[in-house]
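This report concerns only the one structure given below.
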Amino acid sequence: MSTWFDEQITCPGCGLEQTAKLARGIHVSRAPEARDQVFDRTFHRVTCRGCALRFVAARPLVYTDMERKHWVHVALAGETPRWPEMEKLASDVFERAFTGSPLAAEMRDGFRLRLVFGIEELREKLVIWRAGYSDAVVECAKLQLIAKDTSLALAERLLVDEIDDAGAALLVVDADDKLIRQTLIPMSLLEEQSDDDDRLRRYLPELFGGGFVSWRRMTSPRYRAPMTR
Ligand SMILES: [Zn+2]
């Protein structure tokens, strides 16, 4: 099965309709180049033939990497408030893919199932996993940063850009995908807790239960509502 299809898209700048080669899903075993494109931010990036605007052709898709055991449901960036229902959908799609044979059930073991909103959030997960860290630990570290600097909670997205010896470079992004500023999750915050640490699981069970592993779980109105009753 092919990965890339000619699809009709409309330029958000000038409205010109044109065709572009887009993926309906990313399956790394079939199209390893797609993973590289996510890392270097060229995936689904289109240059308009009319006005030369560069934009990302956004569409929901599923990213799978059988070798690394990654299964990421990529919803549209603007749909974050719908995470409770999207999380269930992502889980249903995943379960359906691995039912039917004992072999499929065996393959299912050890998969990391995640729900993200937009390609940048997919990229963030891949950057964290490539560096050998747990995304739940990173989200926990973000919450610790927010506790120290509450202005961070106003960001639409807090995205890990790269991880090096100093820590995780964090992009603070607004609802229009504009970069507000950059900050750093110090390495000490990442190293002092591990995914298997029971204390972390007990302290923030929400980050370890479902596919939406994100600090937004703790700040969205849907989460807060039952707490203020
Ligand atoms: Zn255009």
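The values are calculated or read from the model by the stated rules, or taken from the named source; none is laboratory data. Computed from a predicted model, the values in this text were never measured in an experiment. Glycine gets a Cβ as well: all are built from the backbone with ideal geometry, and neighbour counts include every protein chain shown. Accessible surface is based on the protein model in full, side chains and every heavy atom, while ligands, DNA and RNA are left aside. Shrake-Rupley method; radii C 1.70, N 1.55, O 1.52, S 1.80 Å.
Structure notes:
- Computed on the chain, with alpha-carbon pairs under 8 angstrom and 6+ residues apart, the relative contact order is 13 percent.
- Here the spin labels are modelled as points 7 Å beyond Cα on the Cα-Cβ line, and at residue 182 and residue 109 they lie 4.2 nm apart.
- Share of carbon and sulfur in the accessible area of the chain stands at 52%, probe radius 1.4 Å.
- Model label zone, residue 66; criterion: amide N under 14 Å from point 7 Å along Cα-to-beta-carbon; scope segment 1-16: 1-2
- Shape call, segment 1-51: gyration tensor on alpha carbons, a/c limit 1.5: oblate
- Accessible surface, per residue, of the chain when the full set of protein chains is kept, probe 1.4 Å, Å²: 53
- Cα-based shape type of the chain, given that a ≥ b ≥ c are square roots of the gyration tensor eigenvalues and the cut on a/c is 1.5: oblate
- Rounded, prolate or oblate (a/c below 1.5 giving rounded, otherwise prolate when a/b exceeds b/c) for segment 46-141 by Cα gyration tensor: prolate
- Relative contact order of segment 56-142, defined on C-alpha pairs under 8 angstrom at six or more residues apart (%): 32
- Taken as Cα centroids, segment 139-175 and segment 14-36 sit 29 Å apart, rounded to the nearest whole angstrom.
- Interchain or long-range residues, amide H under 5 Å from residue 167's placed H: 187
- Beta bridges per DSSP with both ends in the chain, % antiparallel, nearest 5: 80
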